[in-house]
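Have a look at the structure below, then the notes.
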Amino acid sequence: MSLAADAQDRGFLASAEAFTLHARARIDRVAREEVGDHVLNPDLEPFAFAKRPPRDAAVLIAVIERKAGASVILTQRTDHLPSHAGQISLPGGKIEPHDDGPLAAALREADEEIGLSPGLVRPAGILPTYLTGSGYRVAPVVALVDPAARLTPDPGEVAEVFEVPLAFLMDEANHQRQSRMLAGKPRHFYAMPYRERYIWGVTAGILRLLFETVCR
């Protein structure tokens, strides 16, 4: 039996609400140690490829109930963006000076990127900070989204909004450790391919962090 199936038997993945309630309890108890790209690459320092001082950012792990079960909302970035063009991402971005912390930033960015109204989002907690090699300190905000939400992607940033079953993402059997050559050395990362979608890098790393925090 897979870990995801076992979690369903115990109620962890029975619904989006059950999962976020469980997540809230686990997040409240988790150690706040920073994690990130460097964990799988011990020869690299955090922010190894950053060309500027690190910046604070926040993303929204939006869990929503569907007829087939709980899903997580993801985006496909447009091909013309200056960084991470065409890649799969969680809604989010930089924390601006006018934002009242990571939660406010994640809600604002989700509203701007995919038209998700903050009034339809119920936050469950913030995972440990995830450090990226490109120079971001990312605060992953876990939240329950009202199924009544109607999402409209900003065509300037988001090519498509789609969902992946939570049970798939929270099944360790679907967490692949892959590598690519970068600067003459193999760089390791997580990937969670789902149908035609290739979820990898920071997005997969943050979803792996969600799994390690909530399902272990």
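Among the residues of segment 85-98, which ones are in contact (Cβ under 8 Å) with a residue 24 or more places away in the chain and open to solvent by less than 60 Å² (accessible area, probe 1.4 Å)?
Within segment 85-98, 86, 87, 88, 89, 90, 91, 92, 93, 95 qualify.
Matching residues to (1) under 13 Å from residue 60 (Cα atoms); (2) at pLDDT 95 or above; (3) over 14 Å from the mean Cα position of the chain (by Cα):
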| residue | (1), (2), (3) |
| --- | --- |
| 106 | yes, yes, no |
| 111 | yes, yes, yes |
| 116 | yes, yes, yes |
| 131 | no, yes, no |
| 135 | no, no, yes |
| 148 | no, yes, yes |
| 151 | no, yes, yes |
| 165 | no, yes, no |
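Scanning segment 167-188 for residues that are modelled with pLDDT of 95 or more and among the hydrophobic types (A, V, I, L, M, F, W, C) returns 167, 168, 169, 170, 173. Restricting segment 28-45 to residues that are in a loop (DSSP other than H, G, I, E, B) and hydrophobic (A, V, I, L, M, F, W, C) leaves a set whose member that is most open to solvent (accessible area, probe 1.4 Å) is 31. Residues that are in a strand (DSSP E or B), under 25 Å from residue 46 (Cα atoms) and open to solvent by less than 10 Å² (accessible area, probe 1.4 Å) within segment 155-213 comprise just one, 191.
Of all residues assigned to segment 140-152, at least one qualifies as being closer than 15 Å to residue 112 by Cβ and not aliphatic (A, V, I, L, M).
Scan segment 15-27 for residues that are among the hydroxyl-bearing types (Ser, Thr, Tyr) and open to solvent by 30 Å² or more (accessible area, probe 1.4 Å) and jot them down.
So the first thing to find is which residues in segment 15-27 are among the hydroxyl-bearing types (Ser, Thr, Tyr), and the list is 15, 20.
Across segment 15-27, the qualifying residue is only 15.
The residues of segment 190-205 that are closer than 22 Å to residue 131 by Cα and among the hydroxyl-bearing types (Ser, Thr, Tyr), listed by number, are 190, 198, 203. Screening residue 84 with (1) in contact with a strand residue (DSSP E or B) (Cβ under 7 Å, 6 or more places away or on another chain); (2) modelled with pLDDT under 95; (3) not in a loop (DSSP other than H, G, I, E, B) gives one miss only, at (3).
Taking the criterion of being at positive phi and in a strand (DSSP E or B), the only residue of segment 46-75 that qualifies is 69.
When restricted to residues that are modelled with pLDDT under 90 and assigned to a helix (DSSP H, G or I), segment 1-27 contains 7.
For segment 110-154, a residue qualifies if it is closer than 18 Å to residue 75 by Cβ, assigned to a loop (DSSP other than H, G, I, E, B), open to solvent by less than 10 Å² (accessible area, probe 1.4 Å) and of a type outside the set (A, V, I, L, M), and exactly one does: 132.
The values are calculated or read from the model by the stated rules, or taken from the named source; none is laboratory data. Because the structure is a prediction, the values reported are computed rather than measured. FYI the Cβ positions are ideal-geometry reconstructions off the backbone, even for glycines, and counts take in every protein chain you see. Protein only, heavy atoms only, side chains kept; ligands, DNA and RNA dropped before computing areas. Shrake-Rupley method; radii C 1.70, N 1.55, O 1.52, S 1.80 Å.
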